[in-house]
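The values are calculated or read from the model by the stated rules, or taken from the named source; none is laboratory data. All values reported here derive from a predicted model rather than from experimental measurement. Heads up, the Cβs are rebuilt from the backbone with ideal geometry, glycines too, and the neighbour counts pull from every protein chain shown. Just the protein is used for accessible areas: all its heavy atoms, side chains included, with ligands, DNA and RNA removed. Shrake-Rupley method; radii C 1.70, N 1.55, O 1.52, S 1.80 Å.
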Amino acid sequence: MQTIDLIVFLVFTGGVVLMGASFFKKGSSANEFTSAGGSLPGWVVGMSIFATYVSSISYIGYPGKAFASDWNAFVFSLSIPIASYFAARYFVPFYRQSGSVSAYAFLEEKFGRWARLYASACYLLTQIARMGSILYLLAVPMYILMGWNMHVVILATTLAIILYSMLGGLKAVIWADAIQGIILIGGAVLCLIILFCQMPEGPMQVFDLAIHSPQGNKFSLGAFTSDLSTSTFWVCLVYGIFINLQNYGIDQNYVQRYHAAKDERSARFSAQFGGYLFIPVSALFFLIGTALYSYYTARPELLPESIAAKPDYVFPYFIVQGLPVGLRGLLIASIFAAGMSTVSTSVTSAATIILTDYYKPLIHDASDSRHVYVLRLSSLIVGLLGAAVAIAMLSVESIIDAWWKLSSIFSGGMLGLFLLGWLGRTVRHADAAIGVVCGVIVIGWISAAQWLGLPPTGVHEYLAIVFGTIVIFLVGFLLGRCFSVKKSR
């Protein structure tokens, strides 16, 4: 890595931290920290939602996945329009009228304190796992570029993100996300153009080699069979629908942004804009991965076997070896933009949940300044936990697979609980609790059957969230209906 690359990278990351810290205001309120005072324009909030989607999991994991296999994981992106439509039509007005910045206050009103704590605990676990995955991927390019110790990179990056998240709150995070989103798109487009231009026989060679690959068509979206035990097109699509409905419907990251928009119309626009923008950009990342496959197939002597065996390392390696001086620094800055925006969002939203769902119910008479202190302390603790998870992930082979499995498990099927509260008018507290217990058992069985030597489930691990959500909803809903019919008789 040349000096100019390092300067470009440090100027960008340092600038983001300083910009975020510039939003610090002495005596700021907890409302400003958690929802930016409800003052932001829709396009900025929409860019923030988009940047939250495009983490370093997308920036490095998607190219790695396409390089090693095909476009099957892109099917996840195709499910987003369904979720964003429901968000704009139903979720945004529902949450803006709820009066609480917490996504889980509604569950307490419907089913009691336990439901709110269950959902918020699932959310916190998911966000810590997500931060760990992203921080790990932020350390990969610096290890390949500079040979820096990955543990040190993870800790230093975490502290930088925590700093501006603690000082500036959600307003700093959202504005930083908007700027980072623009930079990461620009960096990815430039990289793809260079890849196409460096093909020995011209840009069309990318498609020729990918379509006629010995592994099969690299642009394949997966088999269109009814097999639920492998990652087919339908398995990825159903997984994506459930995950994205959960993101838009009950994920604190998104709910806070609905509150941050200046009015309901802006919030509706932000939900759709952020989701739709992710589709072409994620396709861009998959195309980069496919182009990397074709490039190194045409010039195999340029890719060491040790890198080829670790697909998540291929894109960072190309950045080091294949890009001109100066642009390398910009691309690494783009990767950091993707990761920092998502981690800062997770830090702020997790801190908000700790305050609203755990601290406030215990300490009723605390001052607003005390609430701000709790938010900042929680940001620090959550960020450090994410760093610990990142260090534990250093031996993971495919970060996409690891993250999808963890998110499926830690979600706990809480979308099913949310739908019970929203649609099941006759569902009692006990009905919902029994549904959750049954759903958790199903999730645990699907996720750990092979590991624990249990009878095979016949379904892919990605579908744990799908079946867990369905079981929670159906069990709770049917119990509620049975009790209602019995009572009427």
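So, R0 is 45 Å and r is the distance between the beta-carbons of Phe219 and Leu18; what FRET efficiency does that work out to, to 0.05?
Calculated value: 0.60.
Which chymotrypsin sites (Phe, Trp or Tyr not before Pro) does region 222-321 hold that lie in a coil by DSSP with at most 16 other beta carbons within 10 Å?
Those satisfying the criteria are Phe224.
For the chain, what is the mean residue ellipticity at 222 nm derived from helices alone (per DSSP H run of n ≥ 4: -39500 (n - 2.57); sum divided by total residues; nearest 500 deg cm²/dmol)?
After summing the helix terms and dividing by the residues of the chain, the value is -24000 deg cm²/dmol.
Restricting to lysines 8 or more places apart or on different chains, can you count the pairs in the chain with Cα atoms under 27 Å from each other?
Within the chain, the lysine pair count is 18.
Run the simple label-point estimate for Ile434 and His151 please: 7 Å along Cα→C-beta, distance reported in nm.
For the pair Ile434/His151, the computed spacing is 5.1 nm.
Name the chymotrypsin sites (Phe, Trp or Tyr not before Pro) in region 1-105 that are in a loop by DSSP and that have at most 15 other C-beta atoms within 10 Å, would you?
When the chymotrypsin sites (Phe, Trp or Tyr not before Pro) of region 1-105 are filtered for loop state and at most 15 Cβ neighbours within 10 Å, Phe24 remain.
May I ask for the net charge around Asp177, where only other residues with Cβ less than 12 Å from the Cβ of Asp177 are counted and Lys, Arg are +1 while Asp, Glu are -1?
That works out to +2.
How much net charge surrounds Met146 when only other residues with a Cβ under 14 Å from its Cβ are counted (Lys, Arg +1; Asp, Glu -1)?
It works out to a net charge of 0.
Which FRET efficiency value, to the nearest 0.05, do you get for Ile7 and Thr297 by plugging their Cβ-Cβ distance into 1/(1 + (r/R0)^6) with R0 = 41 Å?
0.75
So if I place +1 on the C-beta of Lys and Arg and -1 on the C-beta of Asp and Glu, and nothing else carries charge, what would the dipole magnitude of the chain be about its Cα centre? I want it in debye, nearest 20.
Dipole about the Cα centre, nearest 20: 1600 debye.
Select from region 1-66 those trypsin sites (Lys or Arg not before Pro) which occupy a DSSP coil region and have at most 11 other Cβ atoms within 10 Å, ordered by residue number.
Lys26
As a test question: what accessible area, to the nearest 10 Å², does Arg89 have when a 1.4 Å probe is rolled over all protein chains in place?
120
How far apart, in nm, are two points set 7 Å out from the Cα along the Cα-to-Cβ line at Ile182 and at Ser229?
Calculated label separation equals 5.2 nm.
At a Förster radius of 56 Å, what calculated FRET efficiency corresponds to the Cβ-Cβ distance of Arg376 and Met204, to the nearest 0.05?
Computed FRET efficiency for Arg376 and Met204 comes out at 0.55.
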